[in-house]
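The values are calculated or read from the model by the stated rules, or taken from the named source; none is laboratory data. None of these values were measured; they are calculated from a predicted model. Glycine also receives a Cβ, built like all others from the backbone with ideal geometry; neighbour counts cover every protein chain displayed. Quick note on the areas: whole protein, heavy atoms, side chains included, nothing else; ligands and nucleic acids left out. Shrake-Rupley method; radii C 1.70, N 1.55, O 1.52, S 1.80 Å.
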Amino acid sequence: LKPSQTGSRSHGFLGSRPPHASRSMAAGIGGAASATATAGRRRRRAAAGTCIVALACAAGGALLAKTPRGARDEGGLRGLSAFTAFGAAGQHRSGLAASPLTGASRGVSFWEAPAAYSLARVARAASGEEEVDIDSMEVRWLPAMDFYQKEPFEPKENTLVLPCFPLGSIAYVPGSEEILNIFEPRYRAMYSDILLSGGRRFVVPQVRQDQVEGSVQLAEVGVVLYLDDLKEVSEQTMDRIKYVCSHKVIGRVRIKRVLNPAVFADRSSYLRVEVEDIVDEDLDTDYSAAEKKLIDTIEEVDRLQEEAEPDLKKFRLQMLAGDGGQNATRDGLWSLLSDWSNYVDFRLQIFQQRFQRELQQTVVSYFEKQGNVPRQVSLNDLPPELQKEVLALQEELQEEAAPLQQIKPKTISLITQSANHGERLAILRSVIEEDGKRLKARLALKSVFGE
């Protein structure tokens, strides 16, 4: 199978093996290693081409390899895999914290309704004056799954039960379109079941693992994927991949309880969870002023970006607001969030392309002086001085890109779990304002040091 025009991602999970989990669980957690997800129609990727230099995330890995750019396999990135060295950089911190807006406890054992906005906070949120501190906010997680609970729980009466397909630290946006390549037996069975039942829906929450204790938690809120199309590709892939499935992210649900946690460890089947719909608590509040302030913030940061980062002219923040006809209404915000996610991806791509050029100049020029440029070379094949240069380039890339890799899934998760449109507006505006501060700092440095 060729990568789609928009590119694809492999979702692996890096973490220690729980002492009570089966051996196969070490290879990937839940569905994290069971699907190669392709971004939706809005995802922008670089055109396919041939890359010469590939950075290995560990000594001895391939540094030079002629591989089509954008090619992926289920085991991870193939070709230019600079970002794999970040490991679990996208994982969220654990611990308890309170939302500055709702005051809801994070990490509680069972879901408790967030405290309602005070009248003063409603007024501030509606006017666009409410401020949030993203660093102090946390994604809410369910209690760690009990893998010793061998007998499944019986669903409560009148409770909606859906299949569950955890996908590592990936955070999907409602309204987006996603493609999953399915090859693990339990998820092959899940797709057969949702087709036979006619439901065609399942929950995708984030999942995290405690690196020391080995405990595994699902995010309290997950998105619901609806299966639009399924193609069986067993013959073309020698049964390596069973289905290529297209989905629409149709909504959000709150997970109340995992019914069969033990199957997550032994991989004998897929998870089933009790869920409930998320209904906004502020449906009667007019947020037109706050919505306008978010769009104004986007336009202001766009002006800074045009001056500070001309290499991003192909994908600027302005595309999120005016030109694309986007808005920050209760429904429109999800599309705006999806486009912001693509904007972050494009910035990461710019960092990676710059790293590729510098790495290629450094490594290839060395072998050109030796009179022979090999098709593939490992980090250990390089002299110590050149190894230091390569590692320094990698560290520089990580310093620039890691914050983006962390803020993207966290921002999407915080907005997705919120039942308050005012809070969602404040979160996204806060993130974009921080980008504006970064651009102002960049312009200040340019004024002193030049390009």
Legend entry - Failed criterion for Asn380 (all others in (1) open to solvent by 70 Å² or more (accessible area, probe 1.4 Å); (2) in a helix (DSSP H, G or I); (3) under 30 Å from Phe346 (Cβ atoms) hold): (3)
Inset, instruction - Could you list, in sequence order, all residues of region 254-276 that are in contact with a Leu (Cβ under 8 Å, 6 or more places away or on another chain) and acidic (Asp, Glu)? - result: Glu274, Glu276
Inset, instruction - Please work out if Asp266 is farther than 23 Å from Thr416 by Cβ and of a type in the set (Asp, Glu). - result: yes
Inset, instruction - Taking Tyr191 as the residue in question, decide whether it is of a type in the set (Ser, Thr, Tyr) and more than 30 Å from Val344 (Cα to Cα). - result: yes
Inset, instruction - Check region 244-251 and report whether any residue there is open to solvent by less than 10 Å² (accessible area, probe 1.4 Å) and in a loop (DSSP other than H, G, I, E, B). - result: no
Inset, instruction - Read through the list (1) open to solvent by less than 40 Å² (accessible area, probe 1.4 Å); (2) without any contact (Cβ under 8 Å) to a residue 40 or more places away in the chain; (3) touching a helix residue (DSSP H, G or I) at 6+ places or on another chain (Cβ under 8 Å), then give the number of the only condition that Arg200 fails. - result: (1)
Legend entry - Any chance Asp280 is in contact (Cβ under 8 Å) with a residue 24 or more places away in the chain and more than 30 Å from Ser447 (Cα to Cα): yes
Inset, instruction - Check whether at least one residue in region 288-300 is in a loop (DSSP other than H, G, I, E, B) and among the hydrophobic types (A, V, I, L, M, F, W, C), and report yes or no. - result: no
Inset, instruction - Among the residues of region 252-281, write down those that are farther than 22 Å from Ile182 by Cα, open to solvent by 10 Å² or more (accessible area, probe 1.4 Å) and acidic (Asp, Glu). - result: Glu276, Asp277, Asp280, Glu281
Inset, instruction - Specify which of the listed residues (Leu259, Leu271) is touching a residue at least 12 places away in the same chain (Cβ under 8 Å), touching a Cys at 6+ places or on another chain (Cβ under 7 Å) and either of a type in the set (D, E, K, R) or closer than 30 Å to Pro152 by Cβ (or both). - result: Leu271
Legend entry - Single condition Gln149 does not satisfy, out of (1) assigned to a loop (DSSP other than H, G, I, E, B); (2) closer than 20 Å to Val204 by Cβ: (2)
Inset, instruction - Working carefully through the options Ile179, Ile194, Ile170, find the one that is β-branched (Val, Ile, Thr) and open to solvent by less than 10 Å² (accessible area, probe 1.4 Å). - result: Ile194
Inset, instruction - State the number of residues belonging to region 432-443 that are open to solvent by 50 Å² or more (accessible area, probe 1.4 Å) and either over 19 Å from Asp133 (Cβ atoms) or modelled with pLDDT of 90 or more (or both). - result: 6
Inset, instruction - Looking only at region 193-200, decide whether some residue is more than 15 Å from Ile255 (Cα to Cα), at pLDDT 95 or above and part of a strand (DSSP E or B). - result: no
